[in-house]
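Written below as structure tokens is the structure these notes are about.
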Amino acid sequence: MLAPNPYAVHLGTRDPFVVLAETIDALHQLTAGWSDADFERSYAPGKWRARQILVHLAQVEMVLGVRARLALHGDAREVQPFDEGPWVQRESTTVSGRQALAAFLRLRPFNLGLFESLTPAELAIEAHHPEYGTVNLEWFVRMLAGHDLNHRKQLERIAAR
């Protein structure tokens, strides 16, 4: 039995592949015309700034792409967890919001091409996550899409301010 997906509430019944593709345009539109100061705004006091959210999105895109490739090719079926806080803290001091956005926008089409090419049998390939338990490649795709929607809402709140 697969582990519950922590981002399922955000995805609901939406097609995860559509969400992953839409996020590319959504981030372009949300950040179009932003100044450097706009990337430093937050959606709520004490929460990540837009720059930090974008750093996080790029990091997760990188990690999930690697996790999927390792599981797909049998190189690693044990998922290596990471603590997002220190990752974001470290790189958001050296990477601008524009750089993080550019990294995400370059990685997403690369990963989306892989995800869309997966057969049903490949989507069913399982891995073990120390925190969640048994997951599979479809779980990764659905998690990433729900994750996108969660952080897109935050960026939409920032853009609306």
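Using C-alpha positions alone, give me the convex hull volume of the range 61-109 per residue in cubic angstrom. Provide the component values of the computation, followed by the final result.
Values: hull volume 3.6 nm³, N = 49.
Given the Cα convex hull of the range 61-109, per-residue volume reads 72 Å³.
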Taking max minus min of the Cα coordinates of the range 1-70 on each principal axis, largest first, gives extents in Å of 45, 26, 26
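Let me know the Kirkwood hydrodynamic radius for the chain, please, with Cα pairs as the basis and the value in Å to one decimal.
Numbers: mean 1/r = 0.0618 Å⁻¹.
Averaging 1/r across every pair of different Cα atoms and inverting gives 16.2 Å.
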Could you pull out every whole DSSP H run in the chain that spans at least 27 Å of Cα extent along its own axis and averages 0.0 or higher on the Kyte-Doolittle scale?
50-72, 97-117
Considering only DSSP states other than H, G, I, E and B, which chymotrypsin sites (Phe, Trp or Tyr not before Pro) in the range 41-126 qualify as loop sites with at most 12 other Cβ atoms within 10 Å?
Phe82
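Considering Cα pairs under 8 angstrom that are at least six residues apart, work out the relative contact order of the chain and quote it in whole percent.
Numbers: 179 pairs, mean separation 70.5, N = 161.
With pairs under 8 Å counted, the relative contact order is 44 percent.
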Using the charge dipole of the range 13-160 (Lys, Arg: +1 at Cβ; Asp, Glu: -1 at Cβ; taken about the Cα centre), state which of Phe140, Thr23, Phe110 has its Cα farthest towards the positive end.
Thr23
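Readers should treat all values here as calculations from the given coordinates under stated rules, not as data from a laboratory. Source: prediction; values computed, not measured. In this analysis, Cβ positions are derived from the backbone assuming ideal geometry, glycine residues included, and neighbour counts consider all displayed protein chains.
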